[in-house]
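The values are calculated or read from the model by the stated rules, or taken from the named source; none is laboratory data. Keep in mind that what you see is a predicted model, and the values were worked out from it rather than measured. Neighbour counts are summed over all protein chains in view; Cβ atoms, including those assigned to glycine, are modelled from backbone coordinates with ideal geometry. All accessible areas refer to the heavy atoms of the entire protein, side chains included, with ligands and DNA or RNA removed. Shrake-Rupley method; radii C 1.70, N 1.55, O 1.52, S 1.80 Å.
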Amino acid sequence: MMSPTAQNLDDDAALRRSTVLERVSEGVVALDTDLRYTYVNERAEQILDAPRSQLMGQYIWDAFPESQGTVAQDAIDEAMATQTQQSFERYDSALERWFEVRVYPDESGLSLYFTDITDRKASEQELAQKNRQLSALVANTAQAVYLKDRAGRYQFMNEAAASLFGLAPEDAVGKRAEDLFDSESAAQIRRIDEQVLADETADSYEATRFIDGNEHVFLDNKYPYRDEDGTVVGIMGISREITERKRRQNTLEKSRQRLKSLFDDLPDSVVIHDAEGNILDVNRQTVEDLGYTRRELLSMNVSDFEVGLAKAELRTTWRTMEVGDRAKKRGRHRRKDGSTFPIKVWVDKTEIAGETHFIALSRDVTEPLRKEQQLEALTEEYRALLENADDAIFFVDVEPTDSGPEFRFERLNPYHEAATGLDSDSVQGKTPREVLGPDLGAELEANYRRCVEARAPISYQEELEMPAGTRTWQTKLAPVTVDGAVTRIVGIARDVTAQVRREAELRRKNERLDEFAGIVAHDLRNPLNIAQMRTTLSVEDPSYESLHREKVLEALDRMEAIITDTLVLARRGNEVESLEPISVTDLTAQCWDMVEADAASLVVEDDCTIEGDPDRLRHVFENLFRNAVEHSEGDVTVRVGRAGESVLYVEDDGPGIPPADREAVFKPGETSQEGGTGFGLSIVKRIAEAHGWTVRLTEASSGGARFEFSGVEVLSS
């Protein structure tokens, strides 16, 4: 039989433990082997939203029929059937909190612990969102992003990096610089890598590389890549052209042992002490965390393992507390081996059997802090990539509304701000229509909506008029999905204005080349055939040699004229070398002397000085004068003068050109004159346009042809 003193000690311990279970922040529930409630603490009443008086003795599925067929029933049935610990997560919509429920079986039934994991879930979701954003950014950026180990082997390449070598990203893994670049480039890469591995960041630098014999120039950035301990384990580069523990089970024979088991199985360390800090009781987690035996701890004071806090400081804190108060703080505990670990601690002041006691629950936060540091490191990598990118990167929040998704700008990177004239502070939280007006804003929103509906990256080219000017962008949008919904769009836009202009110019040049090739192939064929035929006939019949020789010479002269005019049109028709003041009287006199015009006459109606390229303008006036003389059989008067502030005209009193033919005469190869090349008026039009003028063919008052040049810069008259 137990002595009264021993009985009283056990009763005191049971009372203390019962008080602890009522004061802990976790919900604690005990079920017998028939799954009927035998114990419910105060926190469990709040979580289950039912009074313990109603739950005690009730079958669990009668109390909560809506939970049947869920993961809760599966976990409880599995624990009873296999006698192994089970766990599941549960969201309480009334409390708006997440709980982790751990189920422990023993011969008396089941113990259920409800741990609030809302903060952990929020941290995990934030970390997951950062990972998704960074993955979307790295995967879809037009910049080459890669990771190498210390030996120089590529451990990762995004698609932009791998495509430089004609590889898929997975095919690039394991390769070295020597496998991808020429020997000189590889040697330079190794030298820079050694500098970075020495814990130095390689600032932006320009590097010439040869890939498959082709020269490439990159602007590179390299950074040391560290593990969680801060050790440099490799290199990150950006180039332009990133348990649950098992608890031991105890057999509970009496209600006191049942309470002790519940007390010991709490996942947090629990220390019960008096007003002087002398330890009265601890649970198993405290023993595991600190490395002392339970016997050793019961002979100690909490100041023995509190880091940085003396007994006097602790005593002062406890005395200022009122019964029922709870204090919360962060600190560190020292293990028996001298090592320390961070903790979060909650201290309750209460009365047990008429005496003041303190219940201290502490939690080892090493893992949450590690995740927090990991999140901070990820944020720094994300910021480095965002700040150094030479593409315009922007983030758009997607907010669901009854009428469809609404888009609001969240952030722009520095390159975007510089290239567009916008800035993050002024656009943050605003819709595209509010920032860029109804028309352009609606156009942007339509593209964002396409991305949301596709739930996949989309690419397109757009021309946007921004405060910094109008530019053409190659844009790629990537959706960020959280819990099945698109919550954000990451956009990357590359300025391709210069490229688009070059392509347009190249198309124009190709069109002219096709035009010249067609002219030469068509117009040279006839005189060439004539020369070949006449040469053959002169050989076969020498008596007609002189006649054939004359025709051959005419054909060759015709070919020379076509070639000369074609070269003028191709080489000089669309450009001017230098502009200078030119006297119209002097220029036209020089050009008239170059035309065989014995019966013709030139009249300069208005003497003036214009700005132009004299070498090019000679071709204009010589062709116009020659055209007037040849179409009038020599007897013609050509007049040159002004018609308005910036209009110069050349007209004749010849037969003129019918209205239906006036547009066609400017096309290369078009002529109504036998033996003409058809290039003269085409040359006139091209040289005029090169000066910024426009030319119009109309009818002179005398009925002849009149050519008017508009946009002429007249310096004096």
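Quote the charge dipole size of region 388-485 about the Cα centre in Debye, to the nearest 20; the model charges only the Cβ of Lys and Arg (+1) and of Asp and Glu (-1).
220
Please work out the Cα center distance from region 420-466 to region 304-328, rounded to the nearest Å.
56
Can you work out D for region 444-491 in µm² s⁻¹ from Stokes-Einstein, where Rh is the Kirkwood radius over C-alpha pairs, the temperature is 10 °C and the viscosity is 1.306 mPa s?
Estimated diffusion coefficient is 137 µm²/s.
Roughly how many Å² of LYS121 are accessible to a 1.4 Å probe, to the nearest 10?
40
Quick check on packing: order 446-452, 428-434 by the mean number of other C-beta atoms within 10 Å, highest mean leading.
Ranked by mean Cβ neighbours within 10 Å, highest first: 446-452, 428-434.
How big is D for region 301-348, in µm² s⁻¹ as a whole number, if Stokes-Einstein is applied with the Kirkwood radius of its Cα pairs at 25 °C and 0.890 mPa s?
211
For the pair THR698 and GLU611, what calculated FRET efficiency results from E = 1/(1 + (r/R0)^6), where r is the Cβ-Cβ distance and R0 = 30 Å, to the nearest 0.05?
0.80
From the backbone phi of region 647-656, what are the Karplus-calculated ³J(HN,Hα) couplings (6.51 cos²θ - 1.76 cosθ + 1.60, θ = phi - 60°) in whole Hz, Gly and Pro given as x?
Going residue by residue, I get 10, 10, 10, 10, 9, 9, 9, x, x, x Hz, with x marking Gly and Pro.
How many nm separate the modelled label positions at VAL217 and ALA599, each set 7 Å beyond the Cα in the direction of the Cβ?
Simple spin-label model gives 6.4 nm for this pair.
If I model a spin label as a point 7 Å beyond the Cα along the Cα-Cβ vector, how far apart are those points for ALA151 and THR320 in nm?
5.9
Report LEU110's accessible area, 1.4 Å probe, all protein chains in place, as a number in Å² to the nearest 10.
LEU110 exposes around 0 Å² with every protein chain in place.
Once the Cα atoms of region 269-336 are picked out, what are the Rg and Dmax in Å?
According to the Cα coordinates of region 269-336, Rg and Dmax are 11.9, 32 Å.
For region 301-450, just the Cα atoms, rotate onto the principal axes and tell me the three extents in Å, largest first.
Computed over the Cα atoms, the extents are 76, 37, 24 Å.
From a point 7 Å beyond the Cα of GLU351 in the direction of its Cβ, which residues of region 311-343 have a backbone N at a distance under 16 Å?
Those under the cut-off are 321-325.
For SER93, SER87, give me the order by solvent-accessible area with a 1.4 Å probe, most accessible first, ignoring ligands, DNA and RNA.
Order by accessible area, largest first: SER93, SER87.
With all protein chains present, calculate the accessible area of SER583 using a 1.4 Å probe and round the result to the nearest 10 Å².
40
Mind giving me the FRET efficiency for ARG52 and GLU288? R0 is 41 Å, r the Cβ-Cβ distance, nearest 0.05 is fine.
Numbers: r = 30 Å, r/R0 = 0.73.
Calculated transfer efficiency: 0.85.
Do any of LYS121/LYS311; LYS121/LYS175; LYS222/LYS329; LYS121/LYS430; LYS222/LYS476; LYS148/LYS344 go past 32 Å between their Cα atoms, and which? It would help to have the intermediate numbers written out before the result.
Numbers: LYS121/LYS311 36 Å; LYS121/LYS175 39 Å; LYS222/LYS329 41 Å; LYS121/LYS430 30 Å; LYS222/LYS476 25 Å; LYS148/LYS344 38 Å.
Long pairs (Cα-Cα over 32 Å): LYS121/LYS311; LYS121/LYS175; LYS222/LYS329; LYS148/LYS344.
Given the peptides 220-231, 609-620, arrange them by the average over their residues of other C-beta atoms within 10 Å, most packed first.
609-620, 220-231
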